[in-house]
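Enquirer: Let me begin by handing over the structure; questions about it come next.
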Amino acid sequence: MRGQPSLCDVLAPLNLDEALALRAAHPEARPLAGGTDLMVPFAAGRLPDRLFLNLWGLEELRGITVSDGEVTFGALTLFREIAAHPLFQREFPNLVRSAKATGALAIQSRGSLGGNIANGSPAADTPPSLLVYGAELELTSLRGSRWVPYADFHTGYKRSLLAPDELITRIRVPRPRAGGFHYFRKVGTRQAQAISKVSLAAWARTGNGHIQELRIALGSVAPMPIRARGAEKALLGRSGASLPLDAALEALQADISPIDDLRSSARFRRKVAGNLLADMLRGLALV
Amino acid sequence: MSISKILLKLTVNGIARQIYVHPMARLLDVIREDFGLTGTKEGCGEGECGACSVILDGMLVNACLVPAVQAQGSTLRTVESLAGVDLSPLQEAFLHHGGAQCGFCTPGMLVAGTHLLETNAVQDEAGAREGLAGNLCRCTGYVKIVDALLATREGRP
Amino acid sequence: MNDYAHIGRSVQRREGRAKLTGAALFTDDFKIEGLLHGATVRSRVPRGRITGIHFEEGFPWDEFVIVTARDIPGKNVVAHLIQDQPCLADGVINHPEEAIMLLAHPDPQRVQDARERVRVDVEPLPPVLSIDESLRCDPVIWGEDNIFKTIHITKGDPDGAEAQGHLRMDATYLTGAQEHVYIEPNAIIAEATAEGVLVRGSMQCPYYVHHALHEMFQLPLEKVRVAQVETGGGFGGKEDFPSMLACHAALLSWKAGGRPVKIAYDREEDMACTTKRHPSRTRIRSAFATDGTLLALDVELLLDGGAYTTLSPVVLSRAAIHASGPYRCPNLRVQARALATNTPPHGAFRGFGAPQSLFAIERHMDEAARRLGLDPAELRRKNLLRTGDVMATGQIMRDEVDLIALMDRALTEIRYAEKRDSYPTLNASDDPVKRGVGFSVFMHGGGFTGSAETMLNSVAALEGTEDGRVRVLAASTEMGQGANTVFTQVAAEALQAPVDLIMVVPPDTSLVPNSGPTVASRTTQVVGKLVLDAGLAMRKTLLDAGLLLDGDVAGAIRTYVARHGALRTESRYQKPDFMEWDDTTYRGDAYATYSWACYAVDLRVDLVTYETQVADFVAVQEVGRALNPTLAAGQIEGGVAQGIGWGLNEEVIWRGGSMANHQMSNYLIATAVDLPRIRVFFEERPFAYGPGGAKGLGELPMDGPAPAILNAVQHALQIAPRQVPMTPEVLMDLVEGA
Ligand SMILES: Cc1cc2nc3c(=O)[nH]c(=O)nc-3n(C[C@H](O)[C@H](O)[C@H](O)COP(=O)(O)OP(=O)(O)OC[C@H]3O[C@@H](n4cnc5c(N)ncnc54)[C@H](O)[C@@H]3O)c2cc1C
Ligand code: FES
Ligand code: FES
């Protein structure tokens, strides 16, 4: 172990108010949720932080509330809880599949939705699903709370709207009307517990044979999880029988900006992102 | 400058323990070094291999990813708790089916397998494989581990 | 039928209970008073000259034990076959992970911290980072020509025969490095003074480590003691590397006045710095007659050996001898070279060169079949070796083996004929998932190559104890493969005793004779035979003493030991009488025997993601007799899993001579979800010179999966992949055109 616990301290608030006060007083303290992201660079001696703010015990950040119009998740909602929820399998299958595709059981038992978002990795698995379901985030500080569209949250590689005194406290998703089309596919180096090389989530609603609503989002193809707005535009309003596949593929290539890294190549990511889009549209055409 | 330690209180394999540790010490190191329970192994230190699997408050976790401060007041079970006078049925099945070779992944496999059985999370072979996907074994190709788990589930030898 | 009491039965793993309860102690599990933790300082420059070493100011260096090359009391060398590898770099650096300095401290975190505070200045020199650069001698980094070893094998008239071929082919096959990923990283504990050196740790070959310590310290043999402790997997990765680690830990202890020092690598360091499977490039030129008869093979085989010789010459030798595969080939030329590059030395890995050359020939045969318009099975039917045939080195096939029957059994199990026909039709649909079926046929020589077993002169012994038990004394290590259990069964069989009477002594050079290293699939076949013979000798001793009339072995041993003070029998290796080998001409009996196999694969390739998923895997092999069917099947399943990984996913990414993806999160081995249920079948044909008829089987399963998989991909997609790992990225380029 290359980390230095003897040099690190942890602030351990007992409730959210205390946490927000500590956050305001110590903006340098790194929030610590399930630790499944943070503990890796920490143990490898690659994390510069010396002070942490423990969120794990905060009951206010737990729990899932279902109302008529929406579902609200505490930021500390675990992947395991999402995967097990009976309603979500029906209404948010992409979210369930992305939660189940995150690490393996032990990771799903500690990893939180808030951590997945805040960590800001372009390869994270739930963000594309959250993007296509139109999620909003509640950011809270001593100054108060604000709701922001998740689509606006990430502003660049590991950069976001989160102010130094804020925490992500809740995530809310409108409940989709019945009859939607859901697609999620993650491509990793192996079938389980792998960081994605490319992922694509989509949600659509069709009527009279036409695409009336469509959201497409991807992981690992840009500095942050992104919506493929160009591809969406090329497809919206078109009839299922005559989808402009080539135009959509071309627009997708302009939407994304993948890179070469240890996990894959930009070339592969471009090609497979396109293949996933085509695969999604094959499914959509059948609806 | 050194940070002061916290008094960590938790129940380890049924026994209440308390100990002063750094809050960011890894639970894995606390288990192995402070409690001397070396059955829990370190294979990667990054949550990939599952050799450090333990059951913390009824959840399967990687002890290498849990900072000590988050184990405050918890109930912890390690591989050392699985056998009484006799081996547990899953341990017996590992012996019978040949689920352990070098034995280094074995404690983690047994802990994960025990958790899967206790939570009734395995219905078939595919479920067993999925349940164990966070535990890497380089020796066995998993066949005999999966067989041991399924046999135990079905009460067969 | 089985006439044995213990052999051929699935006796439970002897050390199983301890491994299941967490009681088994691995190196990092020992609690030792006064222990210091060691760490290694490296340069990260692939090649250069050390111009200075700086210690950060204001850091309490006096708390640390510090060792550089100058502190080495004997020779600065990690002795393997030859002595070209320094224990610590002295002036020059030949690979980016080369150890330069060692540090030790009582606090493991302090020592990790300290190593970041040492700066090594290096004047870089141009490195050699590929086989091509090495061949071009651009620049020369080892010897006169960057070549560690060259091997030539010739038979018949390859040039003449090639000219007559109806089909002539010329294709080049590439294989990548592979990391062992034993789940327990390397770890060693040493205590060293001029009075003596004691090293304990995770290792395959205590006597290799013993030799290396003896050479480095220049201490008498008897002052060096090496003991293996529970070892969490090896696969070849703990064959040569522990010698280096033991030298390092022992040097620190020596400098610290004999205080115990542990060096336990974390995963990152283990992956980056230890050995890997040799990357290879094999060019095969071949000629076939119209009917598919193989006329000639001309194989040029190149292995990337890394910066120092280590075991590359012997890896090369096995690769060369297996290069023509299980085929009768009247005209053959093999030219094989192991080359130097500025990467950490490549070393032993299950298969030891054979997987590389068998991959090439088994892919080549499927490509030839396609060009000839024959089914791959038909092409093999024509050309597979039969009893009495002459193999590459002139060895006569003595084994009574029916390779065609072996192949047919695998093909029946996988339902080859049916799938071969139906899949192309299915694949013609616009479903992006394509299916394929394929197989490979191969062999693996058991024991050391050529005369090496004779030179090793291995000895194993049995000892009776006062309380009527039997201790097995051999240097062969248990690392999961089942040596403890198999030796127990064999000894019990020889003595006609219950297995509980037998105890296999943990290998310790002060206690056990040198039965040779635990490598080369030799433990059961060769050392097991020594244990059997020592057991038979003990039985005879007891009978000659008029004991054992009532069949009570324990009683007889007790009485004998009470009367004579001791009971010990030994057995020394004797080569099978037929074996002749000439190391200069590479002619003769390369191995006493071979294990034979056919592996068949049914798979799916998804053209959306270019992922290949093995759906069914059949492994049929003839390994003489499986002494313990459960353990034997476990060996095959584990080896197949590694073979699938090498074939599809496991990619070492090199940057400047270092492994860039040296984490388990970036170098991925298969999870339970990635693998099918591997179906294992044994054909039994007892081998006359093995214990109870057994042959080696540990490495065999590594050889077959990769070519079988790529052959099935050829079937699925009608393309000719020639490279492993065949990652989705590689496959995409093949399918879509680069
Ligand atoms: C072996 C392994 C496999 C993994 N596999 C996957 C995978 O397949 N897919 C995937 O997407 N991820 C994966 N991860 C990454 C990780 O599990 C997830 O990103 C997880 O959601 C992180 O949540 P956490 O609670 O553990 O976050 P932590 O590690 O505690 O925190 C992560 C980051 O978020 C910040 N943070 C956390 N909560 C808040 C909050 N409420 N407000 C503000 N900031 C906050 C922290 O300061 C930190 O920067 C894997 C990790 C490991 C170790
Ligand atoms: S050591 Fe914790 S998962 Fe590998
Ligand atoms: S038994 Fe060796 S890693 Fe699983």
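Let's see how each residue does on (1) open to solvent by less than 10 Å² (accessible area, probe 1.4 Å); (2) assigned by TED's automatic domain parsing to the domain that holds residue C:724; (3) within 16 Å of ligand 1 (Cβ to nearest atom); (4) among the small types (Gly, Ala, Ser):
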residue: C:194; (1), (2), (3), (4): no, no, no, yes
residue: C:199; (1), (2), (3), (4): yes, no, no, no
residue: C:205; (1), (2), (3), (4): yes, no, no, no
residue: C:220; (1), (2), (3), (4): no, no, no, no
residue: C:223; (1), (2), (3), (4): no, no, no, no
residue: C:231; (1), (2), (3), (4): yes, no, no, no
residue: C:234; (1), (2), (3), (4): yes, no, no, yes
residue: C:244; (1), (2), (3), (4): no, no, no, no
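Enquirer: Could you grab me the full set of residues in segment C:366-419 that are of a type in the set (Gly, Ala, Ser) and over 30 Å from the mean Cα position of the chain (by Cα)?
Expert: C:369, C:373, C:417
Enquirer: Does any residue of segment C:302-317 turn out to be at positive phi, open to solvent by less than 10 Å² (accessible area, probe 1.4 Å), polar (S, T, N, Q) and touching an Asp or Glu at 6+ places or on another chain (Cβ under 7 Å)?
Expert: Within segment C:302-317, one or more residues are at positive phi, open to solvent by less than 10 Å² (accessible area, probe 1.4 Å), polar (S, T, N, Q) and touching an Asp or Glu at 6+ places or on another chain (Cβ under 7 Å).
Enquirer: Same structure, new question: Assess whether residue A:188 counts as being among the small types (Gly, Ala, Ser), within 18 Å of the chain's Cα centre (by Cα), away from ligand 2 (no atom under 16 Å from the Cβ) and within 14 Å of chain B (Cβ to nearest Cβ).
Expert: Yes.
Enquirer: Which one of these does residue A:60 not meet: (1) away from every other protein chain (no Cβ under 14 Å); (2) out of contact with any Phe, Trp or Tyr (no Cβ under 8 Å at 6 or more places or on another chain); (3) buried (at least 23 other Cβ atoms within 10 Å of the Cβ)?
Expert: That leaves (3) as the condition not met.
Enquirer: For segment B:51-58, state whether one or more residues are within 13 Å of ligand 3 (Cβ to nearest atom), under 30 Å from residue C:634 (Cβ atoms) and either touching a Phe, Trp or Tyr at 6+ places or on another chain (Cβ under 9 Å) or not small (Gly, Ala, Ser) (or both).
Expert: Among the residues of segment B:51-58, at least one is within 13 Å of ligand 3 (Cβ to nearest atom), under 30 Å from residue C:634 (Cβ atoms) and either touching a Phe, Trp or Tyr at 6+ places or on another chain (Cβ under 9 Å) or not small (Gly, Ala, Ser) (or both), which makes the answer yes.
Enquirer: Oh, and also: If you check residue C:621 against the conditions, is it within 14 Å of chain B (Cβ to nearest Cβ) and modelled with pLDDT of 95 or more?
Expert: When the stated conditions are applied, residue C:621 does not pass them.
Enquirer: Which pairs turn up if I take residues in segment C:9-32 that are within 7 Å of chain B (Cβ to nearest Cβ) and look for partners that are open to solvent by less than 10 Å² (accessible area, probe 1.4 Å) and among the acidic types (Asp, Glu) with beta carbon separation below 7 Å, at least 6 apart in sequence or on another chain?
Expert: That search, which allows pairs on different chains as well, returns C:26/C:184.
Enquirer: Here is a follow-up. Can you tell me how many residues within segment C:510-528 are surrounded by fewer than 24 Cβ atoms within 10 Å (Cβ to Cβ) and among the hydroxyl-bearing types (Ser, Thr, Tyr)?
Expert: Going through segment C:510-528 one residue at a time, the tally reaches 1.
Enquirer: Does segment C:651-677 hold any residues that are more than 7 Å from every other protein chain (Cβ to nearest Cβ) and in contact with a Lys or Arg (Cβ under 9 Å, 6 or more places away or on another chain), and which are they?
Expert: Residues satisfying the conditions are C:652, C:656, C:657, C:658, C:659, C:662.
Enquirer: Filter segment A:42-57 down to residues that are open to solvent by less than 40 Å² (accessible area, probe 1.4 Å) and more than 9 Å from every other protein chain (Cβ to nearest Cβ) and give me whichever is farthest from residue A:169 (Cα to Cα).
Expert: Within segment A:42-57, the match that is farthest from residue A:169 (Cα to Cα) is A:47.
Enquirer: Let me ask something additional. Can you pull out every residue in segment B:93-130 that is more than 16 Å from ligand 3 (Cβ to nearest atom) and either of a type in the set (Gly, Ala, Ser) or assigned by TED's automatic domain parsing to the domain that holds residue B:39 (or both)?
Expert: Selection gives B:121, B:126, B:127.
Enquirer: Select from segment C:168-207 the residues that are polar (S, T, N, Q) and more than 22 Å from residue C:104 (Cα to Cα) and write down the one among them that is farthest from the other protein chains (Cβ to nearest Cβ).
Expert: Per the stated criteria, the residue is C:172.
Enquirer: Would you tally the residues in segment A:63-81 being in contact (Cβ under 8 Å) with a residue 40 or more places away in the chain and within 9 Å of chain B (Cβ to nearest Cβ)?
Expert: Total meeting the criteria: 1.
Enquirer: Being among the acidic types (Asp, Glu) and within 10 Å of residue B:38 (Cα to Cα) is the filter here, so list the residues in segment C:14-41 that pass it.
Expert: Result: C:28, C:29.
Enquirer: Within segment C:395-439, how many residues turn out to be among the charged types (D, E, K, R), part of a loop (DSSP other than H, G, I, E, B) and open to solvent by 60 Å² or more (accessible area, probe 1.4 Å)?
Expert: Looking only at that region, the number is 6.
Enquirer: OK, next. Collect the residues in segment B:114-136 that are more than 7 Å from every other protein chain (Cβ to nearest Cβ) and assigned to a loop (DSSP other than H, G, I, E, B), keeping them in residue-number order.
Expert: Passing the criteria: B:119, B:120, B:121, B:122, B:123, B:124, B:135.
Enquirer: Sticking with this structure for a sec: Taking the criterion of being in a loop (DSSP other than H, G, I, E, B), under 27 Å from residue A:150 (Cα atoms) and within 12 Å of ligand 1 (Cβ to nearest atom), would at least one residue in segment A:6-15 satisfy it?
Expert: No: zero hits.
Enquirer: Shifting gears a bit: Taking residue B:19 as the residue in question, decide whether it is among the aliphatic types (A, V, I, L, M), more than 10 Å from chain C (Cβ to nearest Cβ), touching a strand residue (DSSP E or B) at 6+ places or on another chain (Cβ under 9 Å) and open to solvent by 20 Å² or more (accessible area, probe 1.4 Å).
Expert: Yes; evaluated as a whole, the condition is true for this residue.
Enquirer: Checking the structure you have, find out if any residue of segment A:78-90 is closer than 13 Å to residue A:173 by Cβ, open to solvent by 10 Å² or more (accessible area, probe 1.4 Å) and away from ligand 2 (no atom under 16 Å from the Cβ).
Expert: Yes, the conditions are met somewhere in segment A:78-90.
Enquirer: Residues in segment C:222-239: is at least one more than 30 Å from residue C:17 (Cβ to Cβ), away from every other protein chain (no Cβ under 14 Å) and hydrophobic (A, V, I, L, M, F, W, C)?
Expert: There is at least one residue in segment C:222-239 that is more than 30 Å from residue C:17 (Cβ to Cβ), away from every other protein chain (no Cβ under 14 Å) and hydrophobic (A, V, I, L, M, F, W, C).
Enquirer: Which condition does residue B:98 not pass, out of (1) within 7 Å of another protein chain (Cβ to nearest Cβ); (2) in contact with a Ser or Thr (Cβ under 7 Å, 6 or more places away or on another chain); (3) open to solvent by less than 10 Å² (accessible area, probe 1.4 Å), if it passes all the others?
Expert: Unmet condition: (3).
Enquirer: Suppose we filter C:363, C:371 for residues that are in contact with a strand residue (DSSP E or B) (Cβ under 7 Å, 6 or more places away or on another chain), of a type in the set (Lys, Arg) and open to solvent by 50 Å² or more (accessible area, probe 1.4 Å); which single one remains?
Expert: None of the others qualify; the one that does is C:371.
Enquirer: Quick check on segment A:94-115: of everything there that is among the polar types (S, T, N, Q) and either open to solvent by 20 Å² or more (accessible area, probe 1.4 Å) or within 16 Å of ligand 2 (Cβ to nearest atom) (or both), which residue is nearest to the chain's Cα centre (by Cα)?
Expert: Selected residue: A:102.
Yes/no per residue for (1) open to solvent by 30 Å² or more (accessible area, probe 1.4 Å); (2) within 8 Å of chain C (Cβ to nearest Cβ); (3) within 16 Å of ligand 2 (Cβ to nearest atom):
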| position | (1), (2), (3) |
| --- | --- |
| B:70 | no, no, yes |
| B:80 | yes, yes, no |
| B:85 | yes, no, no |
| B:103 | no, yes, yes |
| B:112 | no, no, yes |
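Enquirer: Right, something else. Output the number of residues of segment B:114-157 satisfying the condition of being closer than 17 Å to residue A:100 by Cβ, open to solvent by 40 Å² or more (accessible area, probe 1.4 Å) and not small (Gly, Ala, Ser).
Expert: 4
The values are calculated or read from the model by the stated rules, or taken from the named source; none is laboratory data. Since we're looking at a predicted model, the values are computed, not measured. No Cβ is skipped: glycine too gets one built from the backbone with ideal geometry, and neighbour counts run over all protein chains shown. Quick note on the areas: whole protein, heavy atoms, side chains included, nothing else; ligands and nucleic acids left out. Shrake-Rupley method; radii C 1.70, N 1.55, O 1.52, S 1.80 Å.
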